[in-house]
Amino acid sequence: MALPTKATHQQTRVHNERLVVRTLYDLGPISRAEVARLTGLTRTTVSDVVTTLLDDGVVREIGRGPSSGGKAPILLEVDDDARLVVGLDLGEEHFAGSLVNLRGDIRRTVELAVDGRDGDAALALVFDLLDRLLDGTTAPLLGIGIGTPGLVDSRTGTIRRAVNLDWRDLPLGEIVAERYTVPVNVANDSQAAALAEYTYAGGDRVPNLIAIRVGRGVGAGLILRGALFQGDGSGAGEIGHVVVDDDGALCRCGRTGCLETVAGMRAIEARAASVTGRPTDLAAVRTALEAGEAWATAIADDAGGALGRAIAGLIGALDVRRIVLLGPVTDLGQAWLSAVRREATSRALALLADDIEIAVARPTTNVVIRGASALLVARELGLSLVR
Ligand SMILES: [Zn+2]
């Protein structure tokens, strides 16, 4: 076993740089002297680090602050637009990507329809999306954060299995990093969404929450004690391919009756089409729901109910009170949400169920993109993208 060795100069420099950037990011604008006081670094070290950061453009001087006797100190802050980050969401019928600055503000968004692509064709679409996003950008790119469906080894960025995109053991992180020569972080989409819900909750933040994405696939991301919980093999929250109906429909994973085959978007649309006799998308189901059509109510009730039963299991195992729902299926609205709540609360232990809060994410858009970029920025700069 290798013993830890003394930090190299390079490691110390990176550590100090991160410390100074984080201090300025969280507490700026402040002076060099204040940075030294807050971090415990010497003034000389802070001065050296700041010189590098000014040269890199990450930090800027914004004039003088109030004097406390002598010469008024120069104030420093992080330039939020000094670096851009790409956040990708590969979880739905559209691959979506945004350019995000260091505060998580979205600067540009591109969406491309998947149109049933999978395997290599889906990978080519990821490149197309990134090329379009990066075309003509001027600020340096800090890195690319990807939220993807499926089982992801987030350490290596390899997708072990993404059923709906037919990806198996795809080293997505490595491939993208090689092509764009920037750091890449790959995370499961529901896990990225959970992180975004936690990060951006502001004053409403709670230490435990479950974010569940219901769309093409169904997956949960777990935040426990303020941190993403990934389980033994990064697969924590992969509820979409748990069998809920032994006599159910064939799933793309090869089994029958997975939660996705009852509660997922394609299952809902397929069942609606079998009733109406023509292709019927989610929007059409919603319209029918609003018109009070019985078939639509029955579908929303069954799909929401199946999800609610899965949530009851999560509540029983984890006693997490806040459940946030996101993804296209949440557009079905109140009839669907009521079924989710009814089944989740009526099947969990009453004492636990009393305090459960099941709600649709606000806003519902960009949650995965924001989470994926937040993960990348946290990894590369040690910053938490919160105002
Ligand atoms: Zn399945």
Net charge, residue 283 excluded, C-beta distance under 13 Å - Lys, Arg +1, Asp, Glu -1: -4
How tilted is helix 294-318 with respect to the longest principal axis of the chain? Cα atoms for both, answer in degrees (0 to 90, nearest 10). 50 degrees
Can you tally the net charge around residue 368? Count Lys and Arg as +1, Asp and Glu as -1, for every other residue whose Cβ sits under 14 Å from the Cβ of residue 368. -3
The range 327-387 -> Rg/Rh from Cα coords, Kirkwood Rh, value 1.15
Taking other Cβ within 10 Å of each residue's Cβ, how do 35, 243 sort, fewest first? 243, 35
If each Cα of the chain is one equal point scatterer, what is log10 of I(q)/I(0) from the Debye formula at q = 0.08 Å⁻¹? -0.48
For the chain, the charge dipole (Cβ of Lys, Arg +1; Cβ of Asp, Glu -1; about the Cα centre) points to a positive end, and the Cα of 143, 218, 90 closest to that extreme belongs to 143
Which whole-Hz ³J(HN,Hα) couplings does the range 212-229 yield from phi under the Karplus relation 6.51 cos²θ - 1.76 cosθ + 1.60, θ = phi - 60°, glycine and proline marked x? 10, 9, 10, x, 3, x, 10, x, 10, x, 10, 10, 10, 6, x, 9, 5, 9
Calculated FRET efficiency, residue 208 and residue 297, Cβ-Cβ r, R0 25 Å, to nearest 0.05? 0.15
Label-to-label distance, nm, for residues given as residue 319 and residue 242 (7 Å Cα→Cβ offset): 1.9 nm
Taking Cα atoms, the helix 9-27 axis meets the longest principal axis of the chain at an angle in degrees (rounded to 10) of 70 degrees
In deg cm²/dmol, rounded to the nearest 500, the helical mean residue ellipticity at 222 nm of the chain, built from -39500 (n - 2.57) for every DSSP H run of length 4 or more, is -13000 deg cm²/dmol
Take 167, 295, 336 and order them by how many other Cβ atoms sit within 10 Å, fewest up front. 295, 167, 336
Quick one: 330, 345, fewest Cβ neighbours within 10 Å first, how do they rank? 345, 330
With an 8 Å cut-off on Cα pairs and a minimum separation of 6 or more residues, tell me the relative contact order of the range 1-96 in percent. 25 percent
Computed ³J(HN,Hα) along the range 172-182: with the Karplus parameters 6.51/-1.76/1.60, θ = phi - 60°, integer Hz and x for glycine or proline, the list is 4, x, 5, 4, 5, 5, 5, 6, 10, 6, 9
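Only the coordinates and a few stated rules stand behind these numbers; no lab work does. This is a predicted model, so every value here is computed, not measured. Cβ: placed from backbone, ideal geometry, glycine included. Neighbour counts: every protein chain shown.
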